[in-house]
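Just so it is clear, none of the values below were taken in a lab; they were calculated from the coordinates. Keep in mind the model is a prediction, meaning the values are calculated, not measured. Virtual Cβ from ideal backbone geometry, glycine too; neighbours counted across all protein chains shown.
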Amino acid sequence: IEEGLLAGDIDLAVHSMKDVPAELAPGLAIVAVPTRADPRDAIVSRDGSKLAALPAGSRVGTSSLRRVCQVRAARADLSVEILRGNVDTRLRKVAEGVVDAAVLASAGLDRLGFAARIAERLDATRMLPAIGQGALALEARADDVRVVKLCRALADPAAEVTTAAERALLAGLGVGGRTPVAGHGTLAEGRLTVVGLVGRPDASEIIRETVSGAPGDAAALGAELARRLLARGADRILRELET
């Protein structure tokens, strides 16, 4: 897609923000972030049980190491299994009993019309979302004044502030989206609060930190959060997972 943008074959790309790497190709930019959808993770279960009510030994499916880590931390008595495929495939595997429950993004379920399948939306204090979860990223050539102007009409200030902080955290940690890293920013009473987490997939070690400050300092807050996590040993966890 980015090759198409750079070549001029397309003028605009729309991504799920959580899939966009911290560094973009030279000449490209995220030119707007529209209003953010529900950033929380959700439990979809065969019998409608919430996470706390799943019987011990229940099989919970996810392909995300971030979710694996946090589910195991919340319920060490559950069996967390890797579940791949698109949303339809994963929902079908729950219905067919391949797994008893699955953890998916609320935003994806809402957008695809599967909100009724959600047994529980997990508060961010219990399941910290992926960086950028629920947000869309509009990407274009940075010097394309016409497209940038059109996209700015769709921009949501709150979504842009929170995702800027989260992406600065991602850049500061120097990792991609396939690692057990979580980050989520919220705005309240004129303050921006950003929470970050790095953990082992087996939940044997989880490092969590929080920073707060002015919304105008979003990128600096995200970078500071990354420094705090790294100082507490996140770098060691991430290095070990890369080997």
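FRET efficiency for the residue 210 to residue 29 pair, using the beta carbon distance and R₀ = 25 Å, is estimated at 0.30. As a rough guide to protection, the peptides 131-143, 74-86, 184-196, 157-169 ranked by mean Cβ packing within 10 Å, highest first, stand as 157-169, 131-143, 184-196, 74-86. Straight-line cross-link reach from residue 93 at under 20 Å between alpha-carbon atoms covers these lysines, not counting any fewer than eight positions away in the same chain: 50.
For the pair residue 1 and residue 158, the difference between a 0.36 nm per residue extended length and the Cα-Cα distance amounts to 53.9 nm. Helix 218-229 and the long axis of the chain differ in direction by around 40°, with both axes built from C-alpha atoms. With the Kirkwood sum run over all distinct C-alpha pairs, region 1-131 has a hydrodynamic radius of 16.2 Å. Sequence-distant contacts, meaning Cα pairs under 8 Å at least 6 residues apart, place the relative contact order of the chain at 25 percent. Given labels modelled 7 Å from the Cα in the Cβ direction, how far is it in nm from residue 96 to residue 74? Calculated label separation equals 2.6 nm. Each label was represented as a point 7 Å from its Cα along the Cα-to-Cβ direction; for residue 49 and residue 84 these points are 2.7 nm apart. On full extension, the segment bounded by residue 145 and residue 125 gains 3.2 nm, given 0.36 nm per residue less the C-alpha separation.
A full extension of the chain between residue 56 and residue 187 corresponds to an added length of 43.5 nm, given 0.36 nm per residue minus the alpha carbon distance. Return one number: the angle in degrees, 0 to 90 and rounded to the nearest 10, between the long axis of the Cα atoms of helix 65-74 and the longest principal axis of the Cα atoms of the chain. Approximately 40 degrees, to the nearest ten.
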